[in-house]
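Written below as structure tokens is the structure these notes are about.
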Amino acid sequence: MCQMEHIPMDQASRPILRTAPSLRLLVFAAALAATALPSRAEGLPDGPGKNLVEAICSECHTTERIATQQLTKPQWADKVLEMLQEAPDVKQSERDKIVEYLAKYFPARANVNKANAKELQATLELSPESALAIVSYRQANGSFKRLDDLKKVPGIDTAKLDAKREIIDFKE
């Protein structure tokens, strides 16, 4: 006898036997669906630190969410500090590698026709004088159309601009 409901054991076990195939089907379907779902870290660009971002950041965030964040290196450092403040098992050296990876592959963009000097300084990692020179030149001569126009700014480090060309926007 089943002690809980005082039903003979053979009658109490029949519903379980009848639902067992359905339960097996449900478990199989869940396992199949799990293998069909894309990885949360799918689509991250290859580079040093990718494995850490996959292992640590992708625990909570999708790749799409990571990719939509375009921040400067100091902003990424602040974001990583904020996100991992309660993760003492993540070493500082690992945090630094995550910041380097995110800053390289998901950088903030600089619109040289709209940004103020402070934004240009932070985004393009320019000196305050160079950032101010860009804004002054733009005000005096109009919008920049291409990188060569930007390189005409007196005293600007053209090598630094070349290194940052991927994150420079010229939209008006």
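The numbers here are math on the coordinates, done by the rules we state, and not lab data. Predicted model only: the values in this text are computed from it and were never measured. Please note: Cβ atoms are built from the backbone with ideal geometry, for glycine as well, and neighbour counts cover all protein chains shown.
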Response to the item:
Share of Cα-Cα pairs in segment 105-172 beyond 21 Å, whole percent, is 8
Discussion item. Given bins 10 angstrom wide, list per bin the percent of all Cα-Cα distances in segment 70-127, short to long.
Written reply: 24, 45, 23, 8, 0
Discussion item. List the lysines whose Cα sits under 26 Å from the Cα of Lys79, skipping any in the same chain fewer than 8 residues away.
Written reply: Lys50, Lys91, Lys97, Lys104, Lys114, Lys118, Lys160, Lys164
Fill in: Residues with amide H under 5 Å from that of Asn111, placed H, sequence gap 5 or more
Asp169
Worksheet entry | Burial ordering of Thr63, Thr123, fewest other beta-carbon atoms within 10 Å first | Thr63, Thr123
Fill in: Whether segment 39-172 is rounded, prolate or oblate, judged on the alpha carbon gyration tensor where a/c under 1.5 counts as rounded
prolate
Worksheet, complete the sentence: Diffing segment 109-123: the Karplus 3J(HN,Hα) column from phi (6.51, -1.76, 1.60, θ = phi - 60°), in whole Hz with x for Gly and Pro, holds 9, 10, 8, 6, 9, 10, 5, 7, 4, 5, 5, 5, 4, 5, 6
